[in-house]
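Enquirer: Before anything else, here's the structure in question.
The values are calculated or read from the model by the stated rules, or taken from the named source; none is laboratory data. Note that the coordinates shown come from a computational prediction; the quantities given were computed from them, not determined experimentally. Neighbour counts run over all protein chains shown; Cβ positions are idealised from the backbone, glycine included. What goes into the accessible areas is simple: the full protein's heavy atoms, side chains included, and nothing from ligands, DNA or RNA. Shrake-Rupley method; radii C 1.70, N 1.55, O 1.52, S 1.80 Å.
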Amino acid sequence: MKPASRLGTSASTSRRASSGTICISVSPAPTNPPQEAPLPQAVCPGSFDPVTNGHLDVFVRAAALFEKVTVAVLINKTKSSLFTVDERMDMLREVVAPYPNIEVDSFHGLLVDYCRNRGIPVIVKGMRGFGDVDYELQMAQMNRRLTDVETMFVSTNPLYGFLSSSLVKEVATYGGDVSGLVPESVLARLTARVEERRAGS
Ligand code: PNS
């Protein structure tokens, strides 16, 4: 199906009724309609401390829609993390290895500047539920206010609707079972890191 038809009718319409005038205003037809799918490039940004199966599901689904997907790890020196940025990128590279159109990178500063510098027109994020809506919409609207970079959301797989890196870390720290919630390679590193921390404290 062509993207233009996916977007629906785009003509302006006005209708005169006997009791008055009803104007139905629809956005004008785009002069430069989107390209045929797949779309060129998107970024999946985040902290990924560590990457979860919920994140991976979003990357893979984005990779089915876009020619190239960049998973970009935010370098945030003010936020304490369990894994360094390099460790997080290593874990990400391991889990996206089967997908040739997904690459891993890092960035600091504004996400939209990263997008602009790389020519990336779309941000793709997962939407888990109502809890995400306010914050995600706020960021999407701010990013749109700053640039013409669009944000698109994919609905998180319900299997992972409750999942976050923070919860995974908390549960793992207190000895809970997080297998099935993070990729196997991440589970091994997470278990080792939790044990290191426990031994050091
Ligand atoms: O995994 P996270 O921590 O929820 O990801 C949040 C992230 C990295 C996507 C967001 O904090 C971000 O884009 N930070 C970069 C700085 C920036 O652009 N801030 C303005 C957002 S409107």
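Enquirer: With respect to Asp177, is the statement that it is part of a loop (DSSP other than H, G, I, E, B), farther than 24 Å from Ser80 by Cβ and of a type in the set (D, E, K, R) true? So that I can check it myself, show each step before the final result.
Expert: Values: part of a loop (DSSP other than H, G, I, E, B): yes; farther than 24 Å from Ser80 by Cβ: yes; of a type in the set (D, E, K, R): yes.
Taking the combined requirement at face value, the residue satisfies it.
Enquirer: Any residue that is open to solvent by less than 40 Å² (accessible area, probe 1.4 Å), within 13 Å of the ligand (Cβ to nearest atom), closer than 22 Å to Leu181 by Cα and outside any helix (DSSP H, G or I) - is there at least one of those in segment 52-67?
Expert: Yes, the conditions are met somewhere in segment 52-67.
Enquirer: Just to be sure I understand, how many residues within segment 158-170 are away from the ligand (no atom under 12 Å from the Cβ), part of a helix (DSSP H, G or I) and open to solvent by 40 Å² or more (accessible area, probe 1.4 Å)?
Expert: 6
Enquirer: Okay, moving on. Only one of Gly200, Gly119, Gly175 is loosely packed, with under 15 Cβ neighbours inside 10 Å and touching a residue at least 40 places away in the same chain (Cβ under 8 Å). Can you tell me which? Even if it seems obvious, please write down each step before you answer.
Expert: Numbers: Gly200 fails: touching a residue at least 40 places away in the same chain (Cβ under 8 Å); Gly175 fails: touching a residue at least 40 places away in the same chain (Cβ under 8 Å).
Only one candidate passes the filter, namely Gly119.
Enquirer: What tally of residues in segment 131-157 results from selecting those that are touching a residue at least 60 places away in the same chain (Cβ under 8 Å) and within 14 Å of the ligand (Cβ to nearest atom)? I'd like the intermediate steps shown before the answer.
Expert: Step one: list which residues in segment 131-157 are touching a residue at least 60 places away in the same chain (Cβ under 8 Å), which gives 152, 154, 156-157.
With the extra rule that they be within 14 Å of the ligand (Cβ to nearest atom), the set shrinks to 152, 156.
Within segment 131-157, residues that are touching a residue at least 60 places away in the same chain (Cβ under 8 Å) and within 14 Å of the ligand (Cβ to nearest atom) number 2.
Enquirer: Just to be sure, is Thr151 open to solvent by less than 80 Å² (accessible area, probe 1.4 Å), touching a strand residue (DSSP E or B) at 6+ places or on another chain (Cβ under 6 Å) and modelled with pLDDT of 95 or more?
Expert: Numbers: open to solvent by less than 80 Å² (accessible area, probe 1.4 Å): yes; touching a strand residue (DSSP E or B) at 6+ places or on another chain (Cβ under 6 Å): yes; modelled with pLDDT of 95 or more: yes.
In short, yes.
Enquirer: Quick one: would you say Gly131 is open to solvent by less than 40 Å² (accessible area, probe 1.4 Å) and either on the phi > 0 side of the Ramachandran plot or more than 13 Å from the chain's Cα centre (by Cα) (or both)?
Expert: On the way: open to solvent by less than 40 Å² (accessible area, probe 1.4 Å): no; either on the phi > 0 side of the Ramachandran plot or more than 13 Å from the chain's Cα centre (by Cα) (or both): yes.
No: the conditions fail for Gly131.
Enquirer: Mind checking whether some residue in segment 98-114 is more than 13 Å from the ligand (Cβ to nearest atom), in contact with a helix residue (DSSP H, G or I) (Cβ under 7 Å, 6 or more places away or on another chain) and open to solvent by 30 Å² or more (accessible area, probe 1.4 Å)?
Expert: Taking segment 98-114 first, the residues more than 13 Å from the ligand (Cβ to nearest atom) are 98-104.
Then keep just the ones that are in contact with a helix residue (DSSP H, G or I) (Cβ under 7 Å, 6 or more places away or on another chain); that gives 99, 101-102, 104.
Of the ones still in play, those that are also open to solvent by 30 Å² or more (accessible area, probe 1.4 Å) are 99, 101.
Scanning segment 98-114 turns up at least one residue that is more than 13 Å from the ligand (Cβ to nearest atom), in contact with a helix residue (DSSP H, G or I) (Cβ under 7 Å, 6 or more places away or on another chain) and open to solvent by 30 Å² or more (accessible area, probe 1.4 Å).
Enquirer: Which of the residues spanning segment 180-196 are touching a residue at least 40 places away in the same chain (Cβ under 8 Å), in a helix (DSSP H, G or I) and not β-branched (Val, Ile, Thr)?
Expert: Ser185, Arg189, Leu190, Arg193
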